[in-house]
Each structure stands twice: as C-alpha cells, then as structure tokens.
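Visitor: First the structure, then my questions, so here it is.
The values are calculated or read from the model by the stated rules, or taken from the named source; none is laboratory data. Keep in mind the model is a prediction, meaning the values are calculated, not measured. Quick reminder, even Gly has a Cβ in these numbers, built from the backbone with ideal geometry, and neighbours come from all protein chains shown. Note: areas computed on protein heavy atoms with side chains; ligands, DNA, RNA excluded. Shrake-Rupley method; radii C 1.70, N 1.55, O 1.52, S 1.80 Å.
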Amino acid sequence: VLASLPLQVMLYFNVYYFLVWCLAEGMILQLKYHLLPWHYQFLLVTAYLILSLAEGSRLYLGYLGNLQEK
C-alpha cells in the first residue's frame, strides 16, 4: 500500500476543522445577515456555499485519491 499516512492524518483532522468552521461561519452569518444590504447578503451566502462545496469535495477527493493510491 502506497497511501501517504501524513496526508491521511491531515485530511482526517481537516474534516473536523472544516465542520467547526462551517458551524462557526454559519452562526456568524445568521447573526449579521439581517444587518446587511441585500447584495451583501447574496454575496455572503453564495461565497459560503461555494467555499463549503469546494472544501467538502476537496476533502472527499483527497481521501479517495490517497486511499486508492492515485
């Protein structure tokens, strides 16, 4: 097996840090959402969704690639 153990450990901890970031960012977004103009509301929600999807897929592909030795 040629899977990288340090990479796997970093991916493992990054999943938990990502979940904490999602919760914290979601709570902050909820707190300040009503105080912002509509275009900032749209931009913040869009950026949050794009970053969450990109990071989630990056972690998933990292796990898949490392464990399948790709």
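Visitor: For the stretch 2-39, give me each residue that is aliphatic (A, V, I, L, M), over 20 Å from the mean Cα position of the chain (by Cα) and within 24 Å of residue 57 (Cβ to Cβ).
Guide: Listed by number, the residues that qualify are 2, 3, 5.
Visitor: Could you please find all residues in the stretch 7-32 being free of Cβ contacts under 8 Å to residues at least 12 places away in the same chain and either farther than 27 Å from residue 65 by Cβ or open to solvent by 100 Å² or more (accessible area, probe 1.4 Å) (or both)?
Guide: If the condition is that a residue be free of Cβ contacts under 8 Å to residues at least 12 places away in the same chain and either farther than 27 Å from residue 65 by Cβ or open to solvent by 100 Å² or more (accessible area, probe 1.4 Å) (or both), then 10, 12, 13, 16, 17, 23, 24, 27, 28, 30, 31, 32 are the ones that fit.
Visitor: Could you say which residue among 2, 67, 51 is modelled with pLDDT of 95 or more, open to solvent by 50 Å² or more (accessible area, probe 1.4 Å) and hydrophobic (A, V, I, L, M, F, W, C)? Steps first, please.
Guide: Values: 2 fails: modelled with pLDDT of 95 or more; 67 fails: modelled with pLDDT of 95 or more.
None of the other options fit; the residue is 51.
Visitor: State which residue pairs qualify: first residue under 18 Å from residue 22 (Cβ atoms) and inside the stretch 38-53, second residue assigned to a helix (DSSP H, G or I) in any location, beta carbons under 7 Å apart, and separation of 6 or more residues or different chains.
Guide: Pairs found: 44/29; 48/25; 48/29; 52/22.
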